[in-house]
Structure formats: structure tokens, C-alpha cells
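To start, I am sharing the structure in question, which I have written as C-alpha cells.
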Amino acid sequence: MLLLGESFLLAFMFLTSSAGFVVPALSISTSSITDRLALISFKSLITSDPSQALASWGNLSIPMCQWHGVACGLRGRRRGHVVELGLEELNLVGTITPALGNLTYLRRLHLSRNHFHGMLPQELGNLPDLETLQLSSNQFSGMIPDSLGNLSALTFLSIATNNIEGSIPPLQGLSSIEHLILARNHLEGTIPSWLGNLTSLQIIDLQHNGLVGQISESVGNLELLTILSLSENNLSGSMPHTLGKLHALTGLYLMTNQIGGSLPPSLFNLSSLQVLNIQQNNFTGGFPSNTGNKLSKLTKFLVSDNQFHGVLPSSLCNASMLQMIQTVKNFLRGTIPQCLGAQQKNLSVVRIVGNQFEATNDADWGFLTSLTNCSNMLELGLSYNKLQGVLPNSIGNLSTRLEYLAIGNNNLTGAIPEGIGNLINLNYLSMGNNIFKGAIPLSFGNLKKLDRLYLLNNALSGPIPVTLGNLTKLTRLRLSTNMISEVIPSSLSNCPLEAIDLSHNNLSGLLPRELLSMSTLSATMDLSHNSLSGTLPSELGNLKNLGDLDFSNNRISGEIPASIGECRSLEYLNTSGNLLQGSIPLSLGNLRGLLVLDLSYNNLSGTIPEILSSLPGLSSLNLSFNKFQGAVPQDGVFLNATATLIAGNDGLCGGNPQLKLPPCSNHSTKKPLQKLAIIVAICSGCVSVALVFALSSLYRKNKKIKANPQSSVIGEQHMRVSYAELAHATNGFSSENLIGAGSFGSVYKGRMRGNEQHALVAVKVINLMQRGASQSFIAECKTLRCARHRNLVKILTVCSSTDFQGRDFMAIVYEFLPNGNLDQQLHQHITEDGEQKALDLIERLHIAIDVASSLDYLHQHKPTPIIHCDLKPSNVLLDTDMVAHVGDFGLARFLYQDMEKSSGWASMRGSIGYAAPEYGLGNEVSTQGDVYSYGILLLEMFTGKRPTDNDFGEAIGLRSYVQMSLPHSTAIIIDHQLLTEMEGGEASNFNSSIISEMIMACITSVLQVGIRCSEETPTDRPPIGDALRELQAVRDKLHSHR
């Protein structure tokens, strides 16, 4: 109808014009009617134009040639006709109209970096004057139209970064083509031999596809070719010798294929070659001795991950423009050329890790002196070779711009040169697994930008330098397995350490209280196998974020402090082989995430507390060789005799029969039972008094709710607060304090007094007028009472009372998390102080892992798994350190939980866009439903798009939107904030760094996890634990390249 109306309007205008009427605002000739109709047809298929770029199109008061993106010819036969259509980077969504084929005089068509989808129309082949066709970075699918082969005037063709499938069609009619860019699609088949007939070609980019077979020998006929990029395909065979005829070639990119055999000698005739990237293939053989003389213009020599052998030619020193050398993981041997870097002032990266290079005398280390001439040196990697002897002092004369130095896993001896302290921009220093002796240089305190320091497995002695406390960016410190002595300096507390390993040394003295007060410690603290003494200070409880704690095999005495129960993130705790005494503190029961507990070989006594049997994740418990007595618990980890070690405690009895302990006699159990009865009586009385008001309030509100669920709502550690206290804390529940609202209540920010100080809290006030609200209150309290994990929100207390008007009132008080929720961070980029800041890649990945960890814990909860039922970004809260905490358990269920089907709460199954599709059919809740929600959340985190957005195109949801673009078009769909974070990420940028390619591969892997988690059929979804391990592997890969 739109086209019909436009035609009618144009006809009317011509009729009125011939009748003497004047239409001054219009300038339309009969020759441009076809062009105008083609453009109107184009606009009619645009479903989203967020910048209103096409608003002027079709406006009768604006001449067609002045429409946005339209350019017309000025003279000759093209006068008044559309010759250029430039609509790149406008976020347009839609399909391409076949009517574009009617723009007979079109010379340039630019539609790149939009969201066009569907198939490319065959009619594009009807444009005889077309010179440039730029369609990259969209979501086009289907096959390349073979009609494009008719475009004999075409010089530039780019359909890169789309979802194009099939084989490359016969395009040998492109007699003028200079740039052929089909990268990052799903192309299959072989490289066609007719490419060799397109003798005008200067650039061929077919990387990131699924091409197979050998490289066609006909490519050698393209004498004007400057770039040949075939990386990341499935090409095999050998490199054709005809490539040696490409004398204009400056860049050869064959990375990540299966090409093998020796390099053809003719390759070294390419005197114009600047970039040789043949990494991750199966090449064998060696390099000619005159490689550097022949390839004198080389800037990048990238041959890692092959099977090359022989020596690294010293002639490479003659390639004076060389910037990068990477020979990682080959079988190269001999010495490193002494002249390396002498004439190469731009050399910035030398990575020759994982070969068999040797250095046995001073002369062999001569290359270090030469490298001191490279003022732009950023990375030097020499690890995993056969270098030996004393490390020369000249290493301290390397460029002060050096950021990465790795010389671990060699056979280096002698002292570590003090001069390394001159390399003030180092952020990564690895010297582990050598035979270094002497003291750690004091000069290391000058490395103020150092993030990671690895000196493990050497023979270092002397004290830990106090100057290491100057390293205010150090997050990882590994000094294990040396002979380091004296005390641990308290100055280390100045470093923002996440992990510290000082194990297997000769350290003595007391544990520094300052070290135990470091909130940044989150990964590990390993002080085992030293000679530390004294008692464990109460400051131990400050390690609230620590995952692994090991101070086994020392001389620590006294009792285990009750404050250990504050370390609620602990998963591994080993205190074995010390002189500890007293009983096991009951506060260990607070460590709900604990997986391994080893208290063996101490002098601990008393009974084994029942609380250990309630730790849901505890899978290994070693209490052997202490002085425990009495009955052994029979639940939890104690059910597994192989996971529970209790040998060497002669006073134990009962327990699992597989432990083969004697039965408990009346005499041996009388006193413990009496004590237990007293404790139970006291606790029961306290709990009864604390709960009486809650029970009566809930009973009045909903008589259908049974007393038993209510009695388990509030944990014994939660002190109740009154309505008046909460009203005062939230300024009367004022709108200024309101920070969120949901179906079952509103959340207010408040300030409460406790332990003689004020603390910020979040108060969730339950909307008791909402059907199912009281059940939601019970569900949330019961879940958070039974489940404790570092990535779950922490409940502080509850209130079940009446307000000042005598109305029922219920509220839950949580720890306040200042960085808001994930939805705000993804879509508003607001920080606590109001500053605009988007989440970076590492932050998103860590948050994704945090959320998966919490779900894995819930789904593995014993004795009954817990289903969240409402996972979405707004229910993921972020603390000061951007650690994620999953909250809002108002819909949470225990698996197999009986519910009243008439309850509004019982029938709820999450939020639109995130709820699993089977819930819409009335299916029962399941762990697979949570996995689906997590998959959608993961896709949203890395695309920046909500599942409820309308800009995916008709009938396309978030999951399909992502799935259609993987794995080759990731750059199109990821959050643009991540694109701006990366450098050199454009498909046409042939000099983009390997790091950027690795990052894009990692993001693709994350999105693929999201796709698998959000499969339509529940049984096709992986357990959340499998997804967690995949994301952890991606994280480790990213960290290894930092």
C-alpha cells in the first residue's frame, strides 16, 4: 500500500504540474521516479531506526537527493540519480529490499555496522555501475548471491562478520575487484581456483570461516596481492610454493589451521613481507639461515604452536623493523642470537617460551645486552627452556617500559640481580622453578606497578623484604618452597593481595595481625610448612572473603578462635600438624560453603560437635590424631566413612558402622547427654520466646500456613528488631530511602545501630495485601536460614510485628550492598557516587561465575536442593568489590516441596523473559529451570540486551539473536561497551593483536555457555556446575594473558 500510495502521489503531481499548477517544494523528474520508489521500498522494510536517520525519507518538502545518506550525480546521465547510499553505523534493523537493484546508477552502497538480517537479494547483481559494496557487521544469512558475479565494475566487496553460509559462489566475473572481504561468516567448501584469475585483487580476507582443503595454487597468480588472510579455518595440506610469486605481499595470515609440512623455500623470496603469522598449525622443518636477510621488512614473526626445529636464525637480527617475535611451543634449540635487538629499536615483544634454547656461559646470555637497545620493549618471555647459569645483571638495563618478564622453569642459579628493581613498569614477574639463591632483592620494592610476583620453587633465603609492602598494586604473591626465614613482615598488609603463598619455608614468629585483617584476600592464604608459633589471633575472623586457608604444619598453639566463623567464604581450611588445643568452636557451623576441613595432628579435645554434620558441602573431614571423645555424629559428611578420618582418637564411639568404632556405653554418654539436654532446653526456651509474636502474627494473617514452616523461619543468630527501630532507620520508610520495589514488597535503605556502631542495611518490607506475600516471606527466610554462601545475600534480622496503626507488619533486613543490582550496572552504568561507568569484561565474567557458584551451591544443597525460581539481573546485587550476591528468594522452593496449588505464590514461576518455557505449561519447578534463567542472564550480560527488548527483529528473541551470530559474528552482538574496551577488534584490521582475538574467542565461549543453558528442552541443559567450570576455564585463560 505504501508503494501504491507513493506511485499515485507522484502521478498526481505530474498531472497537476502539466495543468499549470506549481509545486515549488518538489523537484522530481521522470528519470528519478524509479530511484525514489526504490528508496521508499528500502525504508518500508526497516523495522527499527533508533536515530531517526530515515525520518526525512519520503518527506515531499525535502528533495530526494537531500535525504540522509543519499548522494546523487551532478552531471551527465547520472544527474539527479542516486549514486551513493551511505547508512553505516546507524543501528538500523530490517531486511534489504530487492528494489535496490533498480538504482541503475548506484556506485557505492554502504550499510555496514547495522542489524540487517535475512538474505541478500539477487537483484544486487543488477547494478552495473556499482564500485563499492560494503555490508559488513550485520546479521545477513543465507548464501552469497551468485548474481554478484555480474558486477564487473566492483572494486570493493565486504560481507564480513555476518552469518553467510554455503560455499563461495562463482564470482569470476568480478574483473575489477581489488578487495574481497568475506571474513567471519560460516562459509564452507574449498578456496576456488578461479580466484587466481581476478588479477586486480589486492586484499583477500577469508578468515574465521569453515573452509577446508588446500590453499589453491592459483592464488600465486595475483601479483598485486598485498594481504592474504586465511586464519581460523580448517585448511590442510601444505603451503603452495606458488605463494612465493606474490612479490607485493605484505601480510600473510594463516593462523589456526591444520596446514603442515615444511615452509616452501620460495616463501623467503617475499621481500615486501611485513607480517608472517602462521601460528597454531602443523608446520615442521626449520628456518633458512638467511631468513632475516630475505625478509628484511618483517615487523611480526609469529610462528608459535607448530613443530619447527633447528635454530632461530641469527639473520633475523638484520630485520631492522621487527617488532614482535613469537616462537612459543616449538622444538627450537641452540642459543638465542646474541645480536637480537641490537639493530631493532622497535622490538617490543619477544616470546620464545616452551622451546629448548640453551645458555651455559656469559656469551650465550649476550642477547640480553643487545635487547637493552630496544627502548620500546614491553614483553620478554623466556620460560620453559634450558637456560642455566647466573642471570646477568644486564637484565636490569632493559627498557623501563617493560611490563612482562617471565624466565621461570629453567635452571638458573646464583642471586637474583638487584637491577630488576629498575624495571619500574613491570606488572608481571615470574622467576619460579629455578635454583636462585640468596635474598629477595630489596629493590623489588621499587616495582610499584607489579600485579603478580612468582618466585616459588627456588633456593632463596633470608627474610621477606619489608619493602614489598610498597607494592600497592600486588594481588598475587607466591614465594613457596624456598628457604626464606625470619618473620612475616606486617608491611605486606599494604598490598591489595588476593592470594599469598608462603608455604614450605623457614618462617618463624607470630602471625601478623595486620595480615589477617586484609579484606582483599579472596583466593588463598597458604602459610603451611613453616615454623610459625603463638596463638591464632581473633583477627582471623576478618578474612571474610577468603576461599582457602592453610597454616598446617607449624607450631601454632592455643585454641581455634570463635571468630573463624566469620570467614564465611572459606571452602578449604587446614590447621593440621600444629599444637592447637581446646574444643572445636561451634562457630565453624557458620561456614556453609566449607568443602574440606583438616584439624588432624593437634591436641584438640572434647566431643565432635553435631554442627559439622550440617555443613552441606563438606566432602572431606580429617579429625585424626587428636583427643576427641564421645559419640561420633551420624549425618552429613559422617555418612561417608571414606571422607571422614578419625583415627588416633581413642575416646570416640558409635557413629557410622563403617568407621568400626565401639558402641557408646551408658557410662560414656551420660554426661554428654545431660549437657545436651540442658543446652536444648535453654535454646528451646529462647527460641520460643523470640518466635511467639511471629507465630501469632502469621497465624492471624493466614491460617492455612502450618506452624512447622514458621518455626524454622528465623535462625538462632538473628536478633529481632521492632517496627519502631526499622521506621527510625529508614526515616519513616520515606521515598528518599526507597531503592527498589517488587511484587511482594519494597526495599528501603536504612542505617541501624549494632555493636556500638552504625551500619547501612537494606530493609525489605513485605506487601501483605499481595496474595502469597506471607508465603514469600517464609520462603525467603527459610531459604536464607538454611543456605549460606559467599555469593548469596546475607540476612541480618527480621521483623514480624505490627505498625503504629496496629496493622500486621513483616520485614527482612539484609546487609546493604552499595553497588546496586546487575540490571542497573548493565543498562544504566551507575555507580554509588553517580558516576557513569560500564562493567568491563573481567568484571562481567567474575559476576557470571559468582552467580553460577551460588546456583551450584543451591542445587547441591543437602539434604534437599533449593530452586531460586526468579533469577534475573535485578536480583543479583553487587557489593563494594563488585562481588555478586544472589537475592530475592521470595519464590524459592525446596525441591519436591509440597505446596497448596491454590496459592498465588505457589503458582508463580519467575519473570517474563527469564522463566523457563516449561513453566508456562504448568510444569513443576526444577534445577533446569534455574539453569535456563541463568543462560538468559548470561546472554544479557554480554550483549547488553534484555530478553524483553523489541529490537531483535520480528519473531526473534534474545537467544535466537545470539545463536544466529555465533561463533563468527560475535563482534556484532556483544555490548558495544565491550567493543570500545578492546583495541584492534575490527574484522578488516589485519594487524589486530592476538590478545584481542583471544578475548573475542573467550566472549564467544561465554555466549555459547548461555546458549546451551537456555535450550528449549530441560534435559538438554547442562547442570549449572558444568557451566561454572567452563566459565572458570575462560576466566583462567583471560587471566593468563593479562
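Within region 480-533, track down each residue that is of a type in the set (Val, Ile, Thr), within 17 Å of Asn458 (Cα to Cα) and either assigned by TED's automatic domain parsing to the domain that holds Asn545 or part of a loop (DSSP other than H, G, I, E, B) (or both).
Once the filter is applied, which keeps residues that are of a type in the set (Val, Ile, Thr), within 17 Å of Asn458 (Cα to Cα) and either assigned by TED's automatic domain parsing to the domain that holds Asn545 or part of a loop (DSSP other than H, G, I, E, B) (or both), region 480-533 yields only Thr481.
Taking region 355-392, which residues are aromatic (Phe, Trp, Tyr) and farther than 22 Å from Gln344 by Cα?
Matches in region 355-392: Tyr384 only.
Examine region 380-393 for a residue that is outside any loop (DSSP other than H, G, I, E, B), crowded, with 22+ Cβ neighbours inside 10 Å, aliphatic (A, V, I, L, M) and in contact with a strand residue (DSSP E or B) (Cβ under 6 Å, 6 or more places away or on another chain), and state whether such a residue exists.
yes
Please name all residue pairs, on different chains or six or more residues apart, with Cβ atoms under 6 Å, provided the first residue is in region 234-256 and is over 20 Å from Asn197 (Cα atoms) and the second residue is outside any loop (DSSP other than H, G, I, E, B).
The qualifying pairs are Asn234/Val212; Ser238/Gly261; Gly251/Ile227; Gly251/Val275; Tyr253/Ser229; Tyr253/Asn277; Met255/Asn277.
In region 81-106, which residues are surrounded by fewer than 20 Cβ atoms within 10 Å (Cβ to Cβ), touching a strand residue (DSSP E or B) at 6+ places or on another chain (Cβ under 9 Å) and farther than 21 Å from Asn150 by Cα?
Correct list: Gly86, Glu88, Asn91, Thr95.
Now, a different point. Could you say which residue among Ala415, Ala406, Ala363 is surrounded by fewer than 17 Cβ atoms within 10 Å (Cβ to Cβ) and within 27 Å of Arg476 (Cβ to Cβ)?
Ala415
Next question. Restricted to region 547-564, and to residues that are of a type in the set (A, V, I, L, M) and in a helix (DSSP H, G or I), which residue is surrounded by the fewest Cβ atoms within 10 Å (Cβ to Cβ)?
Ala562
How about region 96-132: which of its residues are closer than 16 Å to Phe42 by Cα and among the hydrophobic types (A, V, I, L, M, F, W, C)?
Within region 96-132, Ile96, Ala99, Leu100, Leu103, Leu106, Leu109, Leu111, Phe116, Met119, Leu120, Leu124, Leu127 meet the criteria.
Quick check on my filter: what residues within region 623-633 are within 15 Å of Gly655 (Cα to Cα) and outside any loop (DSSP other than H, G, I, E, B)?
Phe628, Gln629, Gly630, Ala631
Let me ask another. If I go through region 565-579 residue by residue, how many of them are over 20 Å from Ser519 (Cα atoms) and either in a helix (DSSP H, G or I) or touching a Leu at 6+ places or on another chain (Cβ under 6 Å) (or both)?
Selection size over region 565-579: 1.
So, in region 600-618, exactly how many residues are touching a strand residue (DSSP E or B) at 6+ places or on another chain (Cβ under 7 Å) and assigned to a loop (DSSP other than H, G, I, E, B)?
5
Can you tell me which residue is nearest to Phe268 (Cα to Cα) among those in region 291-330 that are in a strand (DSSP E or B) and within 37 Å of the chain's Cα centre (by Cα)?
Among residues in region 291-330 that are in a strand (DSSP E or B) and within 37 Å of the chain's Cα centre (by Cα), the one nearest to Phe268 (Cα to Cα) is Phe301.
Only helices (runs of 4 or more DSSP H) wholly contained in region 896-985 count here; list those with 3 or more residues that are at pLDDT below 85 and touching a Lys or Arg at 6+ places or on another chain (Cβ under 9 Å).
Because the criterion is at least 3 residues that are at pLDDT below 85 and touching a Lys or Arg at 6+ places or on another chain (Cβ under 9 Å), the helices (runs of 4 or more DSSP H) in region 896-985 that meet it are 970-973.
If Glu571 meets every condition in (1) closer than 30 Å to Pro865 by Cβ; (2) in contact (Cβ under 8 Å) with a residue 60 or more places away in the chain apart from one, which number is that one?
Only one criterion in (1) closer than 30 Å to Pro865 by Cβ; (2) in contact (Cβ under 8 Å) with a residue 60 or more places away in the chain is unmet by Glu571, namely (2).
Can you give me the number of residues within region 580-599 that are of a type outside the set (Val, Ile, Thr) and not in a loop (DSSP other than H, G, I, E, B)?
So the count comes out to 10.
With the condition kept exactly as written, say whether any residue in region 331-342 is buried (at least 17 other Cβ atoms within 10 Å of the Cβ) and part of a strand (DSSP E or B).
Yes, because at least one residue in region 331-342 is buried (at least 17 other Cβ atoms within 10 Å of the Cβ) and part of a strand (DSSP E or B).
Yes or no: region 603-611 includes at least one residue that is out of contact with any Gly (no Cβ under 7 Å at 6 or more places or on another chain) and under 24 Å from Lys794 (Cα atoms).
yes
Something else: Could you tell me whether Leu468 is in a helix (DSSP H, G or I) and within 30 Å of Asn554 (Cβ to Cβ)?
yes
May I pose another question? All but one of (1) closer than 23 Å to Leu570 by Cβ; (2) modelled with pLDDT under 90; (3) touching a Gly at 6+ places or on another chain (Cβ under 6 Å) hold for Leu877, so report the exception by its number.
Looking at each condition in turn, Leu877 falls short on (2).
Residues checked against (1) at positive phi; (2) in a strand (DSSP E or B); (3) in contact (Cβ under 8 Å) with a residue 12 or more places away in the chain; (4) among the hydroxyl-bearing types (Ser, Thr, Tyr):
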{"site": "Asn91", "(1), (2), (3), (4)": "yes, no, yes, no"}
{"site": "Phe116", "(1), (2), (3), (4)": "no, yes, yes, no"}
{"site": "Leu130", "(1), (2), (3), (4)": "no, no, yes, no"}
{"site": "Leu157", "(1), (2), (3), (4)": "no, yes, yes, no"}
{"site": "Asn162", "(1), (2), (3), (4)": "no, no, yes, no"}
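Oh, and also: Could you pull out the residue among Lys671, Lys660 that is at positive phi and at pLDDT below 90?
Exactly one of Lys671, Lys660 is at positive phi and at pLDDT below 90, namely Lys660.
Tell me which residues, restricted to region 272-282, are surrounded by 21 or more Cβ atoms within 10 Å (Cβ to Cβ) and assigned to a strand (DSSP E or B).
Matches in region 272-282: Val275, Leu276, Asn277.
Identify all residues within region 132-143 that are part of a loop (DSSP other than H, G, I, E, B) and free of Cβ contacts under 8 Å to residues at least 40 places away in the same chain; write none if there are none.
If the condition is that a residue be part of a loop (DSSP other than H, G, I, E, B) and free of Cβ contacts under 8 Å to residues at least 40 places away in the same chain, then Leu135, Gly142 are the ones that fit.
So in region 996-1032, with the set limited to residues that are free of Cβ contacts under 8 Å to residues at least 24 places away in the same chain and within 13 Å of the chain's Cα centre (by Cα), which one is farthest from Phe942 (Cα to Cα)?
Top of the filtered list is Arg1029.
The values are calculated or read from the model by the stated rules, or taken from the named source; none is laboratory data. Everything quoted here is computed from the prediction, not taken from an experiment. For neighbour counting, all protein chains shown are included, and Cβ atoms are generated from backbone atoms with ideal geometry for every residue, glycine included.
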